[in-house]
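A short write-up of the structure that comes next.
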Amino acid sequence: MGDILESPSAERNKAPIWDMVLGKSIFPKLTALASAEKRADLKVLELAAGCGVHTEHFVISFNKSFKDFAIEWTPSDPDREARLSIDARAKAAGLQRYILP
């Protein structure tokens, strides 16, 4: 996929961000709130998503960790090439259902 951009720094920090913050703190709290409200979905707006390395990793990790919930992830970035990369990553990973254009 020619539109996919790379980011070595995003590759290095995607797992620690998930492991230390999102997977252990943020999403457990949000899914608990959603359960209390009898909701089975979460909607996320990601600002300055860059080339989509984090987007792809976080959606895959969420789906593995929180199987009782659906996620709708909307990445944004002012750079057109970054947005094309995000869309290409979502398509390559089969995540178009979760990652909105």
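The values are calculated or read from the model by the stated rules, or taken from the named source; none is laboratory data. Values in this document were obtained by computation on a predicted structure and should not be read as measured data. Virtual Cβ from ideal backbone geometry, glycine too; neighbours counted across all protein chains shown. Areas reflect the complete protein model, heavy atoms only, side chains present, ligands, DNA and RNA absent. Shrake-Rupley method; radii C 1.70, N 1.55, O 1.52, S 1.80 Å.
Determine if region 77-84 includes at least one residue that is of a type in the set (A, V, I, L, M, F, W, C) and outside any helix (DSSP H, G or I). No.
In region 54-72, is there at least one residue being farther than 18 Å from Trp18 by Cα, part of a helix (DSSP H, G or I) and open to solvent by 70 Å² or more (accessible area, probe 1.4 Å)? No, that holds for no residue.
Can you give me the number of residues within region 41-53 that are of a type in the set (A, V, I, L, M) and open to solvent by less than 60 Å² (accessible area, probe 1.4 Å)? Lay out the reasoning, then the answer.
Let us first name the residues in region 41-53 that are of a type in the set (A, V, I, L, M), namely 42, 44-45, 47-49, 53.
Subsequent filtering for residues that are open to solvent by less than 60 Å² (accessible area, probe 1.4 Å) retains 42, 44, 49, 53.
Qualifying residue count for the region: 4.
Looking only at residues in region 5-28 that are over 20 Å from Tyr98 (Cβ atoms) and of a type in the set (Lys, Arg), the one that is least open to solvent (accessible area, probe 1.4 Å) is Lys24.
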